[in-house]
Every structure is written in C-alpha cells, then in structure tokens.
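The values are calculated or read from the model by the stated rules, or taken from the named source; none is laboratory data. Because the structure is predicted, anything quoted here is derived from the model rather than measured. Here the Cβ positions follow ideal geometry from the backbone for every residue, glycine too, while neighbour counts run over all protein chains shown. To get the accessible areas, we keep the full protein, side chains included, count just its heavy atoms, and leave off ligands, DNA and RNA. Shrake-Rupley method; radii C 1.70, N 1.55, O 1.52, S 1.80 Å.
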Amino acid sequence: MRSRGSPESRGIGDFLSDLIGRKKGLLIEQEAPWLIPELPERGKILDAGAGEGDWSRAFAERGFEVDALEIDENSIGGGRKNWKNVNLIKEDVITFVRPQEYDVIWANFLLNNLMPEEILITLDNFYQSLRNDGLLSGHLRFKNNEEEEAFCSQLEKAGFSVKLFDKLEFDDDLIAPDPSDRYESVFKIVARKA
C-alpha cells in the first residue's frame, strides 16, 4: 500500500528533493547547481509542468519573473504556499505557445509524462516560446540508451543545440523502490534555441 508522502506515491522530483534535504531558497543550488552558470541574471522563466510549484518559487526567489504552467488541480492545490510572486497558468503544455516570451523554460521530468508523439509537438512549442538563444533545461529519466538517443534527436529536430546531457549518479534503489518502475538513468539537460 502506498501512503501519501512515500516515494512510491509521489513524483520522482519530490522524492529526489526530500533525499537531498533541501532548504528554502536553496533548491536550485542543491538540485541543479549545473544550471546556475547557464541562467541569465534576470529574465522570464516558464516552469512547464510546475507541479506544486517548488521550482517556480525557487526561481522567483532568485529574482526571475515566473510563469508556472500546470493543469493538474491536485498539484495546484497542494502548492498553494508556492504561488506567491508567481503567475499560475492553467493550460495544457501540449497546446501552450507564447512566441518569444521566455528566456528559460524549465521542464523538470515533464517530458517523461507525455506520449511519444506529444514530445516533438511540445518541444516545437517550447522552441517558439523561447527568445533567441533561450534555454531549455530540466531532468529526464530514460530506461535505455535508445530512449536517450531518440530524445537528443528530437531536441535537434525541434531546433535546439544540446549544451549539456549528463547522467546523474545515485543509488537506483533509492529512486525507484518499485522494480516495475525502474529507469536506467536520470539526465540533466541544457539546450539552447539555435
């Protein structure tokens, strides 16, 4: 039985956050230090698939203007504390386009929740929504090398230049306690609008 708050009942991002023991204001420094040198000093960020808004809040605390894109009412309700200083947008990521509006799109584990045919559509929408030289970043999980290669190919097909595509190292047993949900790897990704 899965209880609320157990790793099995929550998203992998929430579970990773708890493993690291994040502190308010340090989410980016603790979970994505590799992103910091890539971020502009200021600008506008879209947190695509924002969930309960932890990343949205972290970006806002760093001085960014943040749009949090989330359609799931349970996630939105669970993240009430995080929506201060954040513009919450209740819209489907697959149809969301704001031409050249964002400096950064953060899509943390979002693309893993889409159907394969929806990923390229979403990447194209992200490309259109980024300003020139805009940044697409986040974490993704893959079950095998073929999935990794296919995703890189999709990024390039959508017009992105991949700057960083590195595997994170950690104990697989901590990440996926349910053997049927094991992923071979989790990657940190940074791609620029070419």
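Key figures
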{"quantity": "Residue-normalised accessible area of the stretch 26-174, given per residue in Å² at a 1.4 Å probe", "calculated": "48 Å²"}
{"quantity": "Share of carbon and sulfur in the accessible heavy-atom surface of the stretch 77-139 [1.4 Å probe, %]", "calculated": "49 percent"}
{"quantity": "Greater than 19 Å apart at Cα, pairs in Lys44/Lys84; Lys90/Lys157; Lys84/Lys193", "calculated": "Lys90/Lys157; Lys84/Lys193"}
{"quantity": "GluC sites (Glu not before Pro) restricted to the stretch 64-149 and DSSP loop, no more than 16 other C-beta within 10 Å", "calculated": "Glu91, Glu101"}
